[in-house]
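The values are calculated or read from the model by the stated rules, or taken from the named source; none is laboratory data. Keep in mind that what you see is a predicted model, and the values were worked out from it rather than measured. Just so you know, the surface numbers come from the protein's heavy atoms only, side chains and all, with ligands and any DNA or RNA stripped out. Shrake-Rupley method; radii C 1.70, N 1.55, O 1.52, S 1.80 Å.
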Amino acid sequence: MMESHGVGLRRVLELTFCVAGIWTAYIYQGVLQETVSTKRFGPEKERFEHLAFLNLAQSAVCLIWSFMMIKLWPSGSTGHAPWWSYWSAGITNTIGPAMGIEALKYISYPAQVLAKSSKMIPVMLMGTLVYGIRYSFPEYLCTILVAGGVSAFALAKTSSKTISKLAHPNAPLGYGLCFLNLAFDGFTNATQDSISARYPKTSAWDIMLGMNLWGTIYNLVFMFGWPQASGYQAIQFCKLHPEAAYDILYYCLCGAVGQNFIFFTISRFGSLTNTTITTTRKFVSIVVSSLLSGNPLSRKQWGSVFMVFSGLSYQIYLKWKKLQKMQKKRKTT
């Protein structure tokens with residue numbers, strides 16, 4: 001009894017550690033992302049317009065981080081996926097996040113988080129139209145709640161204070177970029193699953209290394225591939241405004257630490273637990289943004305936020321029930 005109690009307490013402490021790590025890293029990263037995209041730096045009150053530079057910096061830091069983890073804790077096994085197998089996923093993993101960050105020029109951070117939370121919509125559309133998959137009524141209900149919530153949030157009136165912070169307010173373009181981001185992320189995830197299936201001995205750190213290696217290469221070409229590329233302007237801006245450079249560095253470190261906690265959570269508790277933690281983190285990020293960054297939401301927008309996260313919570317519950325049924329079947333066989 002004492003031994004089982006000790007194991008249970010350790011599991012609770014580990015889960016608390018994972019939740020605290022993921023929430024702290026990604027909520028603070030969200031604050032920094034919003035700061036870099038909306039803040040005016042220096043006496044001239046200049047904006048940092050080269051948001052795609054964040055993706056290059058993030059890829060480079062995560063590449064170094066994953067390389068260090070592999071060297072510190074080598075698996076010793078063979079049969080890993082070769083580095084070149086990530087080249088196609090690296091393209092979509094470069095374009096997708098760039099579009100998501102670029103959207104912050106046109107819509108607020110809470111709007112971006114909500115739009116990116118509707119990942120199930122393109123997945124179900126593609127599954128129905130392309131592969132003829134039939135979904136259950138509860139699954140359609142989840143999608144309707146999320147799609148309706150995002151649509152209602154987009155149509156609700158945004159406060160003038162929030163609009164004044166945006167570089168180029170343009171809601172249709174901002175939401176369009178977010179949904180393109182989701183489409184590219186869908187291809188990235190499918191390719192990663194395919195690589196893991198073909199090379200089962202590939203670890204999470206191997207995938208992180210391969211993805212960020214190609215991401216760094218593509219982003220370097222995009223940011224510095226020609227004399228007038230925006231990377232040179234981003235570097236110059238950071239030289240003139242070191243505060244922006246520190247914000248970008250902290251943003252990248254938060255991303256690397258967050259990925260570390262995500263991989264640990266998946267390995268210890270499974271992907272469903274990780275999905276639950278990251279979903280609730282998104283809701284908290286919206287609350288933090290509204291309170292700290294001065295992005296006041298109207299009652300209709302708060303209603304839309306709860307509508308979206310009700311749909312996401314119900315989806316998590318359905319996944320949990322499905323997992324419970326599968327475990328019962330395994331025990332009986």
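Step by step: find N for the chain, compute 2.2 N^0.38 Å, then divide the Cα radius of gyration by it. What's the final number?
Values: Rg = 20.8 Å, N = 333, 2.2 N^0.38 = 20.0 Å.
Here the answer is 1.04, to two decimals.
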Item to check | Heavy-atom surface of the stretch 181-333, accessible at 1.4 Å and reported per residue (Å²) | outcome: 55 Å²
Next on the checklist: In 5 Å bins starting at zero, report the fraction of Cα pairs in the stretch 18-73 per bin as a rounded %.
Outcome noted: 4, 15, 15, 20, 20, 12, 8, 4, 2, 0
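Could you work out the percent of alpha carbon pairs in the stretch 192-235 separated by over 11 Å, rounded to a whole number? Each step should come with its number before you reach the end.
On the way: 651 of 946 pairs.
Everything past 11 Å amounts to 69 percent.
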Checklist entry - Roughly how many whole Å is it from the C-alpha centroid of the stretch 272-333 to that of the stretch 172-244? => result 26 Å
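Would you mind getting the accessible area per residue of the stretch 39-171, heavy atoms of the protein chains only, 1.4 Å probe, in Å²? Can you show the working numbers first?
On the way: 6850 Å² over 133 residues.
Dividing the accessible area of the stretch 39-171 by its residue count gives 51 Å².
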Checklist entry - Rounded to a whole number, what % of the accessible area of the chain do carbon and sulfur atoms account for, probe 1.4 Å? => result 67 percent
